[in-house]
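Worksheet: the structure to be examined is printed underneath.
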Amino acid sequence: MQGETLRCAVGRQSVPRRLLPGHRRAAAVLLAACAAIVTGLAVYLAVQGGPAWPDASLDPWIQAEMGHFPFLLRWLPRVGTLGPVTLMTLILMAAGAATRNWLGAVVAGVAEALAVGLTEYVLKPYVGGPIGQAFPSGHAASMFALAASSAVLLAEPPHGRSILAFLKFRTVRLLLVLMALVLAAAVAAAQVAVGAHVFTDAVGGAAVGVGVVLACALALDSVTGQAYQAYRARRAPAVEADSVHSDDEHMA
């Protein structure tokens, strides 16, 4: 009786929401792949000492295909600038708050800032600079970080009532994530088409953006999980004492 009461009391404590429930292994594998892509490209470009094969092969094709859409070439590069990216980040954070996905809101804000900072203040000057290339692309990093943050926010339906009740439908969430990925890819391709970057810059930026978001999500899941287990461990003796006291009073 006492053990059952203890289990029920402890079990009633709210379990913290995870960002990647059931997807932690896949996220870790994808994070490792992103790190390997950035590292591999940096080494390859440093050793190459000239135009990389993917750039020489794919850049002309991207420029020719996107050259048919001059309006997009004027508009898309602006989407990846500071103002629009900040606005989209705030919208994602607001969506996380509206669905009570507080960890998701934190990831959207923190990961975007980290991805931009890592790209502009670490990788570009210390990796891209020595090889004479704007590696990785800041536009690609920021836009793919937004897309990855969208995927993290929409990995699970909202809990409880929400003004964004339509997000309970898996198809809707998948379509929104797909739209974010298409927009990110379009912005990255536009940067190649206008000559601001080459293909390997865009790929490196995409890997940085996705990798930073996954690293933040996995870290937050781990920290909150450990904090919850520690709380349960501290709480269990108090719950047990209350249960014993209640049983004694009942028997008296």
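Laboratory data are not the source of any read-out in this text; all were calculated from the coordinates shown. Just so we're clear, the structure is a prediction, and the values are computed from it rather than from any experiment. Reconstructed Cβ throughout: ideal geometry from the backbone, glycine too, with neighbour counts over all protein chains shown.
Please list, by residue number, every one of the trypsin sites (Lys or Arg not before Pro) in the stretch 135-211 that is coil in DSSP and has at most 14 other beta-carbon atoms within 10 Å.
Taking the stretch 135-211 and a limit of 14 other Cβ atoms within 10 Å, the loop trypsin sites (Lys or Arg not before Pro) found are R161.
Need one number: nm distance between label points at R170 and A36, each 7 Å from Cα along Cα→Cβ, rounded to one decimal.
Label at R170, label at A36, 2.8 nm between them.
Could you compute how fast the stretch 80-148 diffuses translationally, taking Rh as the Kirkwood radius over C-alpha pairs and applying Stokes-Einstein at 25 °C with viscosity 0.890 mPa s? Give it in µm² per second.
196 µm²/s
Starting from 0.36 nm per residue, how many nanometres of slack lie between T86 and V106 once their C-alpha separation is accounted for?
5.8 nm
When the chain is fully extended, how far beyond the present Cα-Cα distance does A56 get from V43, taking 0.36 nm per residue of separation?
Contour length minus the Cα-Cα distance gives 2.9 nm.
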